[in-house]
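The values are calculated or read from the model by the stated rules, or taken from the named source; none is laboratory data. A quick note: this is a predicted structure, and the numbers were derived from the prediction, not measured. Every residue, glycine as well, gets a Cβ built from its backbone with ideal geometry; the counts of neighbours run over all protein chains shown.
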Amino acid sequence: MGSCTEVSDARVFSSVSLRTACFCCANLNSGLSCSFNLHQSTARSSYPGDSERTLMVNGFSQQRLPVGLIYIHHGLPRHYEARADAAKPFERADVNFDPDPLLHAAEKFAERTSADAVAKSAFEGSVSFSSSTAMAKSKFEYVRNFETDDTCLRNCYIVVRLDGRNFHRFAEQHNFVKPNDDRALGLMTRSARSVMEELEDIVIAYGQSDEYSFVFKRSSNWFKRRASKLMTHVASQFSSAYVFYWKDYFGEEQLLLYPPGFDGRVVLYPSNRNLRDYLSWRQADCHINNLYNTVFWNLVQKGGLTTSEAEEKLKGTLAADKNEILFSEFNINYNNEPLIYKKGTVLIWDKVNETTTKHVKLPNEDSEKEVTVTRTRNIITAHHCDFIGDEFWEEHPNILEDDCC
């Protein structure tokens, strides 16, 4: 069966796993008391002065033995299995001890813990086969099997679009100016900047009204491309920034009455054409909504109609009809409306040269010399322009990646 080595501090070998550990007792004239507890992953010795020793194994069983020195059997094969002659070391010591509880506990533990993990952790100072926390954790880790794989397909642009939740009510409660509130639009853009500053793989963002779209570059590997991680991070960063910068745009005149909410969705676009069409769709939606709202609120605020009457008057009208109402009744040329209302806001990264002057002390001279230093930085810039056509993309070719990636 191999040899036994006497130890007085209950140290344990590292060359075999827990399943091969066999503790032998002899020299029963000693006053040593020892407990081996798998829960605490330590073996401790003490001299309490009583005549028995308690052996506790993983909470499964315990045996009380006459006191004696502990011997560690290190001659067993690595995959030693429980068998009838396993009790022989104890029988030689004339100790009335049944090793089955220990072996059974070891078998149960070995089912949950790999031999390699045990060998790695064993004897770097004390017995560290496992801790009760680790065992409890392994017991419940099966619940991870219920998680779904939401990894976004590679070589696709990842678009996260946020929309204000119930913002019609939110705008009314916070007295937004109709049809467009510059404070609210500015706050939305500031919040979007905060998201882009946090997630630098966002190559372009587009916003209008109470929505913002964020485009992650095709090769992005943020959060291992997990859709849930990307969406929740964008939504939480945007929402917290909206609250954080509220006073910068609304001041003390309009306090934030309750926290806003934004829902999000993730959509993948495999080609540059698909992505451009998506952004074009959102900008066309901006134009349609703004034209309607401009006519609607002029009919209510200047035309004296109720909201129901204004809605009824605009039912079935085309863009040309709305432009005619604005011009004939209110002398408003829609083409002269601010671009931010008609086109929305585009945020992109631009390279800019920053020039600074530094005072440099020359060697062997007491005087300082002014030196001009130019550095290139990436900054977020806002644009209110049309990107349905080609001109915008030709001016900013770095936004899109090659389709043949």
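Scan the range 130-144 and give yes if some residue there is modelled with pLDDT under 65, farther than 29 Å from ASP403 by Cβ, outside the structural domain of TYR278 (by TED's automatic domain parsing) and not in a helix (DSSP H, G or I), otherwise no. Yes. Only a single criterion out of (1) among the small types (Gly, Ala, Ser); (2) part of a helix (DSSP H, G or I); (3) within 24 Å of PRO270 (Cα to Cα) is not satisfied by SER328, namely (3). Of all residues in the range 202-259, those being free of Cβ contacts under 8 Å to residues at least 40 places away in the same chain, of a type in the set (D, E, K, R) and closer than 27 Å to ASN398 by Cα number 1.
Any residue in the range 335-351 that is in the same structural domain as TYR278 (by TED's automatic domain parsing) and loosely packed, with under 10 Cβ neighbours inside 10 Å? Yes, that holds for at least one residue.
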